[in-house]
Amino acid sequence: MEPRVYTVSELNQSIKFLLDTTYGVLWVEGEISGFKVSSLGHMYFDLKDADSLVSCVIYKGFASNMDFEPENGLLVKVRASVTIYAKQSKYQLSVKELIPMKMGPLQIAFEQLKKKLEAEGLFSSARKRPLPKLPQKIGIVTSMQGAAIRDILSILKRRYANLHIIIVPVKVQGPGAKDEIAGAIKTLNVNFKDMDVLLVGRGGGSMEDLWAFNEEIVARAIAGSRIPVISCVGHETDFTIADFVADLRAPTPSAAAELVVQNKEELVRHIRQLNTRLVQSLRIFYEHLKGRFTGLADSRMFRNPELMLEARLRRVDEASEALFSGAERRIRLFDDKLRLAGAKLGALNPEFPLTKGYAIVTLADGKTVVKDAGALKRGQVLSIKFKKGLAETEVVRTEE
């Protein structure tokens, strides 16, 4: 009897059947390595221990239901079935459930989002705005069924009754809560541009109850709010992502109401103190001016103002005398310099020698000066310029 010959596909199918019937669904523990997400939304990674590894896949249908995203180095246990990837004859685990070994999935998701938003600068103190001192219009985003809204309204009414309060009721836990909270924040920003401050929160509860305030969509709505936001979620020991992004974190909803407005009696008391200080400052200023006025009224100058005028007139006379005296000296000096310059200029005049009996001999054109007798010719007409008048002559002979 000849042995059976398998095709490659038959062999892989046989191995797949063997794996399915032998192992079924099982739990495997290991460390995530080489994690990546495909364009279709499937998650691929290796699960490894100190000696070996096994390939894993989480298909999109299971991946979309996870509260956090797996990451390299995370120690986990997975519920999976053992299957084979026939095209490569490679077996892998098809993961149906993934559970962290050290932290719960919500805590991991919290830490991952916190790290992401902090890296973007959304927690920076530089972008947080101060609250208005005397807000007139306050918005509240919370549930109408919880104790939080009753506490907030009671405190606001007691501390400062004449406030304009706008409440947007929302779900604060469960499916759809994150979308309602984010939408309410955006709605108030669009429709109430004169709103001074916004309270966003709820009463206490478990981490699961408070989870809507750890969602990225809520965090980004708070970060994008034009209205300053006070986050007031849970009890004093509870911290959410909303607390880190908001302009101010209140430990409880009641504390938020106390922080957002001053007590009316305290405000009135403060105004009275300012009024008292203002009156005292005006009285001191008045006494100071009164003292100065009295001193001036008793002064010799004030009783006899002609003395002040005489002194000023003397100063004017002295200044005028000094001015004119100096001007005369400067004019004489300038006149002497002018005469000297005129004499020097006259000496440089080319016709100055004529005053001493000399004459200037030119050709008949009156322009070309004769400097050399040897250059003249017999019968040539010359012009002679004297101090007074001109004369013409004819060259009879020349000698050098």
Which one is farthest from S231 (Cα to Cα), of the residues in the stretch 172-195 that are in contact with a Gly (Cβ under 9 Å, 6 or more places away or on another chain) and not polar (S, T, N, Q)? F192
If you go through the stretch 129-178, how many residues are among the acidic types (D, E) and either in a strand (DSSP E or B) or under 32 Å from the mean Cα position of the chain (by Cα) (or both)? 0
Is the stretch 87-110 home to any residue that is of a type in the set (S, T, Y) and in a strand (DSSP E or B)? yes
Members of the stretch 94-104 that are under 13 Å from N65 (Cβ atoms) and surrounded by 16 or more Cβ atoms within 10 Å (Cβ to Cβ): V95, L98
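Yes or no: V57 in contact with a Lys or Arg (Cβ under 9 Å, 6 or more places away or on another chain) and buried (at least 16 other Cβ atoms within 10 Å of the Cβ)? Write out each step before concluding.
Numbers: in contact with a Lys or Arg (Cβ under 9 Å, 6 or more places away or on another chain): no; buried (at least 16 other Cβ atoms within 10 Å of the Cβ): yes.
Taking the combined requirement at face value, the residue does not satisfy it.
Among the residues that make up the stretch 118-125, is at least one of them in a helix (DSSP H, G or I) and free of Cβ contacts under 8 Å to residues at least 24 places away in the same chain? Let's see the steps before the verdict.
Taking the stretch 118-125 as the starting set, the residues that turn out to be in a helix (DSSP H, G or I) are 118-119, 125.
In the following step, the residues that additionally are free of Cβ contacts under 8 Å to residues at least 24 places away in the same chain were identified as 119, 125.
Looking through the stretch 118-125, at least one residue is in a helix (DSSP H, G or I) and free of Cβ contacts under 8 Å to residues at least 24 places away in the same chain.
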For residues that are charged (D, E, K, R) and assigned to a strand (DSSP E or B), scanning just the stretch 14-44, find the one that is surrounded by the most Cβ atoms within 10 Å (Cβ to Cβ). E31
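Only one of M101, M43 is farther than 15 Å from V28 by Cα and among the hydrophobic types (A, V, I, L, M, F, W, C). Can you tell me which?
On the way: M101 fails: farther than 15 Å from V28 by Cα.
One residue alone meets the criteria, M43.
Tally up the residues in the stretch 147-181 that are under 20 Å from V197 (Cβ atoms) and either modelled with pLDDT of 95 or more or of a type outside the set (S, T, Y) (or both), please. Break it down stepwise before answering.
From the stretch 147-181, those under 20 Å from V197 (Cβ atoms) are 148-170, 172, 181; that's our starting set.
Restricting the remaining residues to those that are either modelled with pLDDT of 95 or more or of a type outside the set (S, T, Y) (or both) gives 148-153, 155-159, 161-170, 172, 181.
The number of residues fulfilling the criteria is 23.
The values are calculated or read from the model by the stated rules, or taken from the named source; none is laboratory data. What you see is a predicted model, and the numbers here were worked out from it, not measured in a lab. As a convention, Cβ positions derive from the backbone with ideal geometry for all residues, glycine included, and neighbour counts pool all protein chains shown.
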